[in-house]
Amino acid sequence: MNFDSFWANILATIVGGISLAFLFFYTREKLFPIPDITGKWHLEMVTVNTDYNPYSDMVLRYVIMIWREGNNIKGSAEKIYENSSTGEREFVGKNRTRATLEGYIEKNYFGKDRIFLHSVENGHGRESTNFYDLLITSNSNMIGAFSSMVANQDGTVTCKRESF
């Protein structure tokens with residue numbers, strides 16, 4: 001091996017490495033981008049299991065605002081609707097309870113992306129915590145499950161851009 005071929009091999013390796021890195025970056029950013037979930041969403045929770053029977057089959061609806069910082073998610077929510085054993089009611093103005101949201105997006109290259117959200121709601125009387133595991137099915141729909149510390153509830157969640 002002579003001195004000229006040594007430098008040619010080094011240069012070819014560097015150019016090949018840079019090209020490969022650019023190809024991976026381009027593929028990740030353009031072909032498999034992080035989903036754009038920033039904005040207003042409508043979330044519906046349906047209780048399937050609970051330790052407190054009056055909450056069985058309860059439906060709660062929220063309007064949530066989400067923003068994304070990389071893979072991290074932050075946001076806020078307001079409860080707007082409840083249908084439970086005590087009746088059906090909509091919440092307006094000061095009667096709405098507010099919640100803060102935090103979570104992240106799990107990017108899956110060979111499947112649908114997932115979102116994990118933790119919600120702390122300042123409810124009437126006490127603070128409550130919910131955890132959501134959502135599967136992004138399209139740019140305007142997510143489905144999944146929730147778990148709540150209120151009466152040990154869990155159930156299904158639907159999240160979409162349009163109102164219910």
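The values are calculated or read from the model by the stated rules, or taken from the named source; none is laboratory data. For clarity, every value in this text was computed on a predicted model and none was experimentally measured. Backbone-built Cβ (ideal geometry, glycine too); neighbour counts: all protein chains shown.
Within the stretch 143-164, residues that are surrounded by 18 or more Cβ atoms within 10 Å (Cβ to Cβ) have Cβ atoms under 7 Å from residues that are in a loop (DSSP other than H, G, I, E, B) in these pairs: 153/50, counting only partners at least 6 apart in sequence or on another chain. Looking at 101, 60, just one residue is within 11 Å of the chain's Cα centre (by Cα), surrounded by 16 or more Cβ atoms within 10 Å (Cβ to Cβ) and either on the phi < 0 side of the Ramachandran plot or not charged (D, E, K, R) (or both), and that residue is 101. Taken over the stretch 147-164, the criterion of being among the acidic types (Asp, Glu) and in a strand (DSSP E or B) is satisfied by 154 alone.
Only a single item in (1) modelled with pLDDT of 90 or more; (2) within 21 Å of the chain's Cα centre (by Cα) is not met by residue 29, and it is number (1). Checked against (1) surrounded by 13 or more Cβ atoms within 10 Å (Cβ to Cβ); (2) within 21 Å of residue 160 (Cβ to Cβ), residue 120 passes all but a single condition, namely (2).
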